[in-house]
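Undergrad: Right, I'll just put the structure down here and ask away after.
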Amino acid sequence: MTELGVEDLLREIAPQVLGALVRRHGQFEDCEDAVQEAVLAAAQQWPAEGVPGSPRGWLVTVASRRLIDQVRSDHARREREAAVAVAEAAPEDVPDADDTLVLLFLCCHPALTAASQTALTLRAVGGLTTAEIARAFLVPEATMAARISRAKQRVKAAGGEFGAPGEAERAERLRVVLQVLYLIFNEGYTASAGGELHRADLAREAIRLARMVHAQLPEDTEVTGLLALMLLTHARRDARTTAAGDLMPLAEQDRSRWDRALIDEGMRLAKDSLAGLELGPYQLQAAIAATHSDAASAGETDWQQVHALYLILERIAPNPMVTLNRAVALAETAGPRAGLELLSTLDSDARMTGHHRLLSVRAHLLENAGDPAGAYEHYRRAARATASLAEQRYLESRASRARPRTAP
Amino acid sequence: MKFVIGMHINPAVLEALTPEEMAAIGEGHGRFIESLKESGELIVTQALVDPSQAAVVTVRNGQPVVTDGPFLEAKEYLGGFYLVDVEDKARAIELAAQIPDAAIDGLGVEVRQVMFSDGQLDA
């Protein structure tokens, strides 16, 4: 098997192996370390020596041995040795139960910061190595290793247990899981210069994990909605930047470069998700993305529908960013002045003060309203406020396009 | 999110500190570095030599000209920085407040988000 094939296989079975180990031994933190070591060993050995007959069994055996070595070498934890050693005898019986969800709930423990939830999820459920995660987030491996180890200590200290959370807690925990997956996806999608390639991998990894959750919970409409949203967004990745790496706004993208297969799948899932009784933010965002995907050209976009969807989203999940997006849709249906009026309701929101998105949307609407001086000023201010180099270049170019001609 | 926490030092202020105060600052930085390493937020930290040791390089008509001393004649100079990767700006500010310099009049601690980075981080 090729190195890439081995990597894919390892990522797929790593959470199953971890689940099997934790079921047998408890001690999530130690098991997670042991599985990581076993995965690293497999990544080295399998491409050269061939994949063993039972890859899962091999990994469970190797990881169990590492776990026992760890416990033996740790004098402070000597008393736990006996318990682990008893289980050493039967390493082959890998349970069929899929522990992906249980592991996700643990990795996305509410006691952790988003950055830690993300890192731990990618390692324990995604089967990525610490080095790969560090590269994806452009930090040194030592930094990422410390973050993961701290995260595991936190989960332990917070009494995080390996097991499905109770019914009451479950919905909230699933919401956090989806949030973490979306965060991983966006980290990959908002690729800046530098490690662009690796960050695109993060988007793919988030989609893979969302597919795993969807396979476990096919009836959950928000899970379906999130997967649809990711696929519809990811379908545009090639059209989103020019060959030179400059940003291409949705309205100007070459839609023939959108990935048809991803759009078809995303549209189907978005439709499925809306068939349910409940309506959540991911379903609505997927529906909005689907409306854009449905338009053959930017001019054919059904802005009435986009606006109506943002209106519902604003009601169920109020957020100034949603209002901002609704203002764009409103401007398309009722004119730029109506959009600007809605924007002015955000001026008193402290979260939006000096925010580059508010400045750039206002610039865009002022431009359409025939106020080039106002547009120029706001594009320039937006360019200064953004932390993304690609976005800054784009906003500067819009500013020079809007720049009013001065008298000679 | 990556931030540089820059420390702007004033050599005159530093010279006026007692050896005990200087030692306390050093220990404070040491503890700060340890806790940052443990939390997985530190990327790198560097401290710079005294501004009097700086050299300003200009190229005019293709010819480099080197002038000893700092670029700006000022009271405060960049003395060093922490490059951190943290949850959000609020956390960067929380960390900045833990730097001993922040509690001393005449020394400035500044938080700025990183916009672009490239190069080997594992050096």
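The values are calculated or read from the model by the stated rules, or taken from the named source; none is laboratory data. A quick note: this is a predicted structure, and the numbers were derived from the prediction, not measured. Glycine also receives a Cβ, built like all others from the backbone with ideal geometry; neighbour counts cover every protein chain displayed. Please note that ligands, DNA and RNA were not included when accessible areas were found on the heavy atoms of the full protein model with its side chains. Shrake-Rupley method; radii C 1.70, N 1.55, O 1.52, S 1.80 Å.
Undergrad: Among the candidates B:Glu38, B:Glu76, single out the residue that is surrounded by fewer than 15 Cβ atoms within 10 Å (Cβ to Cβ) and among the acidic types (Asp, Glu).
TA: B:Glu38
Undergrad: Answer yes or no: is there a residue in the range A:319-336 that is under 30 Å from A:Ala261 (Cβ atoms), at pLDDT 95 or above and not in a helix (DSSP H, G or I).
TA: The answer is no, given that none of the residues of the range A:319-336 is under 30 Å from A:Ala261 (Cβ atoms), at pLDDT 95 or above and not in a helix (DSSP H, G or I).
Undergrad: Taking helices (runs of 4 or more DSSP H) that fall entirely within the range B:10-108, which contain at least 3 residues that are more than 14 Å from chain A (Cβ to nearest Cβ)?
TA: In the range B:10-108, B:11-15, B:19-39 are the helices (runs of 4 or more DSSP H) which contain 3 or more residues that are more than 14 Å from chain A (Cβ to nearest Cβ).
Undergrad: For B:Ala97, work out the one condition from (1) modelled with pLDDT of 95 or more; (2) touching a strand residue (DSSP E or B) at 6+ places or on another chain (Cβ under 6 Å) it doesn't fulfil.
TA: For B:Ala97, the failing item is (2).
Undergrad: Please state which one of A:Arg154, A:Arg135 is farther than 25 Å from A:Arg204 by Cα, within 14 Å of chain B (Cβ to nearest Cβ), modelled with pLDDT under 95 and open to solvent by 30 Å² or more (accessible area, probe 1.4 Å).
TA: Just one listed residue meets the conditions, A:Arg154.
Undergrad: Still on this model: For the range B:1-23, which positions are exposed (fewer than 13 other Cβ atoms within 10 Å of the Cβ) and small (Gly, Ala, Ser)?
TA: B:Ala12, B:Ala16, B:Ala23
Undergrad: Looking only at the range A:74-88, decide whether some residue is under 25 Å from A:Leu4 (Cα atoms) and either modelled with pLDDT of 85 or more or out of contact with any strand residue (DSSP E or B) (no Cβ under 8 Å at 6 or more places or on another chain) (or both).
TA: So far as the range A:74-88 goes, no, none of its residues is under 25 Å from A:Leu4 (Cα atoms) and either modelled with pLDDT of 85 or more or out of contact with any strand residue (DSSP E or B) (no Cβ under 8 Å at 6 or more places or on another chain) (or both).
Undergrad: Please verify whether A:Thr143 is within 19 Å of A:Val39 (Cα to Cα) and more than 16 Å from the chain's Cα centre (by Cα), treating the condition exactly as stated.
TA: So A:Thr143 fails the test.
Undergrad: One residue is enough: does the range A:380-400 have a residue meeting the conditions more than 14 Å from every other protein chain (Cβ to nearest Cβ), touching a residue at least 40 places away in the same chain (Cβ under 8 Å) and either more than 23 Å from A:Ile288 (Cβ to Cβ) or in a loop (DSSP other than H, G, I, E, B) (or both)?
TA: yes
Undergrad: Would a scan of the range A:161-168 turn up a residue that is surrounded by fewer than 20 Cβ atoms within 10 Å (Cβ to Cβ), in contact with a helix residue (DSSP H, G or I) (Cβ under 9 Å, 6 or more places away or on another chain), of a type in the set (Gly, Ala, Ser) and more than 14 Å from chain B (Cβ to nearest Cβ)?
TA: yes
Undergrad: Would you check which residues across the range A:56-70 are out of contact with any Pro (no Cβ under 6 Å at 6 or more places or on another chain) and buried (at least 17 other Cβ atoms within 10 Å of the Cβ) and list them?
TA: The answer is A:Arg56, A:Leu59, A:Val62, A:Ala63, A:Arg66, A:Leu67, A:Ile68, A:Gln70.
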